[in-house]
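The values are calculated or read from the model by the stated rules, or taken from the named source; none is laboratory data. What you see is a predicted model, and the numbers here were worked out from it, not measured in a lab. All Cβ positions, even for glycine, are placed from backbone atoms using ideal geometry, and neighbour counts span all protein chains on display.
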Amino acid sequence: MNAPNNTQDAKAAFSPAPCSPFCTVTGADEQTDVGMLQKLDAEIGLLYTATPEGRNRYPVKEWIKSAARNLPRVAIHVCGSNARGELLSGWLDDLLENAQRVQVNGILSIGDCERICAMYPGKTIITQHKPDNKYLLAVKAVNHALLVDASGGRGISPEVWRHPDTQKPVGYAGGLGPDNMAFELRRIALIADGPWWVDMEKKLRVNDWFSFERARDAVWAFHNTANAEVSESARKSPTP
């Protein structure tokens, strides 16, 4: 896959994300009814690793490919050093074919990040924003985005949400679920700037399996709160 010749070519090739803000529910597994996922007004995050080792949250590659073909909005999360190696080697093209966004978990160099962005110019490439990855703020690719997860995957919401010093699209994760979505979304909205989204995983699992019911309730809480915030902003805005 050839890299775009210049920034203008990249902008022409790049497909933007859904309207901001939006939400992603991550971790659907092989027990999940894909037909039910189609009913959610949300992006579906599917986790891929080269070493699943029987862990429920990592479906087999063929299941991911089939699910992605049948879902309208998909993000593939590439997890682990072996999977990142496959990605950089171009071995995951078939897996990513129907995904609009690709999240590359773990530590990346600027060079590797820019290479991945150039390999997939029509997809948003998301990296985790954390101290070991802070230099990725300098990535110039127009299809690069950041995910802030202060909990490091532990499912804990931070005391204070922070927006990185960037104009890139930014996602927020950490302890989000149906029980606290309304409260935490209002807190995030106070600091979010530019295109943004929220992502959740850990609190959508019951006995380590993805719970459609918890995902459905979280998505409902997200839209209910987001719509209320928009209505409140419109009410407070002066009439021209």
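Hey, could you check the stretch 211-238 for residues that are part of a loop (DSSP other than H, G, I, E, B) and farther than 19 Å from His77 by Cβ and say which is modelled with the lowest pLDDT? Among those residues, the one meeting the criterion is Ser237. If you filter the stretch 32-81 down to residues that are among the polar types (S, T, N, Q) and within 17 Å of Gln100 (Cα to Cα), you find that the one that is surrounded by the most Cβ atoms within 10 Å (Cβ to Cβ) is Ser66.
Any residue at all in the stretch 111-121 that is within 27 Å of Asp208 (Cβ to Cβ), β-branched (Val, Ile, Thr), crowded, with 17+ Cβ neighbours inside 10 Å and in contact with a helix residue (DSSP H, G or I) (Cβ under 9 Å, 6 or more places away or on another chain)? No, because not a single residue in the stretch 111-121 is within 27 Å of Asp208 (Cβ to Cβ), β-branched (Val, Ile, Thr), crowded, with 17+ Cβ neighbours inside 10 Å and in contact with a helix residue (DSSP H, G or I) (Cβ under 9 Å, 6 or more places away or on another chain). For the stretch 51-60, the criterion of being in a helix (DSSP H, G or I), under 29 Å from Pro21 (Cβ atoms) and in contact with a helix residue (DSSP H, G or I) (Cβ under 9 Å, 6 or more places away or on another chain) is met by none of the residues. Residue pairs whose Cβ atoms lie under 6 Å apart, sitting 6 or more positions apart in sequence or on different chains, and linking a residue in the stretch 52-66 that is under 11 Å from Leu95 (Cα atoms) to a partner that is among the aromatic types (Phe, Trp, Tyr), are Ile64/Tyr48. Restricting the search to strands (runs of 3 or more DSSP E) fully inside the stretch 127-210 and requiring at least 1 residues that are farther than 16 Å from Val104 by Cβ and in contact (Cβ under 8 Å) with a residue 24 or more places away in the chain gives 170-173, 196-200. When Asp149, Asp112 are checked against the criterion of being within 30 Å of Asn82 (Cβ to Cβ) and either aliphatic (A, V, I, L, M) or in contact with a Phe, Trp or Tyr (Cβ under 9 Å, 6 or more places away or on another chain) (or both), Asp149 stands alone in meeting it.
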